[in-house]
Amino acid sequence: MNIPNAITIARVLLVPVFLVVAFGNSNAARVAAFVLFLVASISDLVDGYLARRNDQITRLGQFLDPTADKLLIGAALVALVAELRFPLWAAVILAAREVFVQVLRTTIVNRGGTLPSSASGKAKTILQIILVSWWLLPWGGINVGHGILLGLALVVSVISGTEYFVGARRVKTAA
């Protein structure tokens, strides 16, 4: 177990803590959920940086890192829909993209191949982190920033998901 993978596992372990806090019924709970979400999101940057800098990129890390991202974003979407008037239809689109890409990635890995994160996938993750962070903050209502970020995150999510499926045709596997 290397340090980048340990950080990724810690991010996964933060997900249930985030959920408990996110379902708190106060502005203080929302700010605490925002902070936890931000810490978990920053850990994503740290583990990737350390893995590249120390040449510790592993197949496990290539699988775990995007899985941790999906768990964190998925948990946040559940809390946002349940607590903060986030549109269910948008959460379904974002979650469906995550599930489809994860199934694709798992299938490729099980056949001996890899499907590392793409530039559009990383952009999607950054936009989703910004989107969730914005929605977690206690603004006192929905503002234009909510709509702009939601639109951008949806467009980039669909584009990156499509790119993964198109690119998967070129992935060589052992099977």
| query | Helix 27-53 versus the longest principal axis of the chain: what is the Cα-based angle in degrees, 0 to 90, to the nearest 10? | reply | 20 degrees
| Under unit Cβ charges (Lys, Arg +1; Asp, Glu -1), what dipole magnitude, rounded to 20 debye, does segment 71-126 have relative to its Cα centre? | 200 debye
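May I ask for the net charge around Pro138, where only other residues with Cβ less than 15 Å from the Cβ of Pro138 are counted and Lys, Arg are +1 while Asp, Glu are -1? Mind showing how you got there, number by number?
On the way: positive: Arg30, Arg85; negative: Glu83.
Around Pro138, the charge tally is +1.
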| query | Modelled label-to-label distance, Val92 and Glu163, 7 Å Cα→beta-carbon offset: nm? | reply | 2.7 nm
| query | Dividing the Cα radius of gyration by the Kirkwood radius, what Rg/Rh value follows for the chain? | reply | 0.98
| request: Just add up the charged neighbours of Asn5: K/R +1, D/E -1, any other residue whose Cβ is under 13 Å from the Cβ of Asn5. | output: -1
| said: Just to be sure I understand: if I project the alpha-carbon convex hull of segment 69-115 onto a plane and average over all orientations, what area do I get in nm²? | reply: 3.2 nm²
| Nearest-ten-degree value, helix 59-83 long axis tilted from longest Cα axis of the chain | 20 degrees
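Per the helix-only calculation at 222 nm, which mean residue ellipticity applies to the chain, given -39500 (n - 2.57) for every DSSP H run of n ≥ 4 and division by its residues, nearest 500 deg cm²/dmol?
Numbers: 6 runs with 138 residues, N = 175.
Calculated from helices alone, the mean residue ellipticity at 222 nm is -27500 deg cm²/dmol.
Where only protein heavy atoms count, and the probe is 1.4 Å, what is the accessible area per residue for the chain in Å²? Spell out each step's value before the answer.
Working: 9110 Å² over 175 residues.
It amounts to 52 Å² per residue over the chain.
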| field | Debye, to nearest 20: dipole size of segment 49-175, +1 on Lys, Arg Cβ, -1 on Asp, Glu Cβ | value | 480 debye
| task | Using every pair of alpha-carbon atoms in segment 1-74, split the distances into 10 Å bins beginning at 0 and state the percent of pairs per bin, rounded to integers. | result | 21, 47, 23, 8, 1
| field | Accessible carbon and sulfur surface of segment 53-175 relative to its total accessible area, %, 1.4 Å | value | 69 percent
| remark: Asp47 neighbourhood, Cβ < 9 Å, K/R = +1, D/E = -1, net charge -1
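The values are calculated or read from the model by the stated rules, or taken from the named source; none is laboratory data. Since the model is a prediction, treat every value here as computed from it, not as a measurement. Counting neighbours? That spans all protein chains shown, and the Cβs are built from the backbone with ideal geometry, glycine included. Heavy atoms of the whole protein, side chains included, go into the accessibility calculation; ligands, DNA and RNA do not. Shrake-Rupley method; radii C 1.70, N 1.55, O 1.52, S 1.80 Å.
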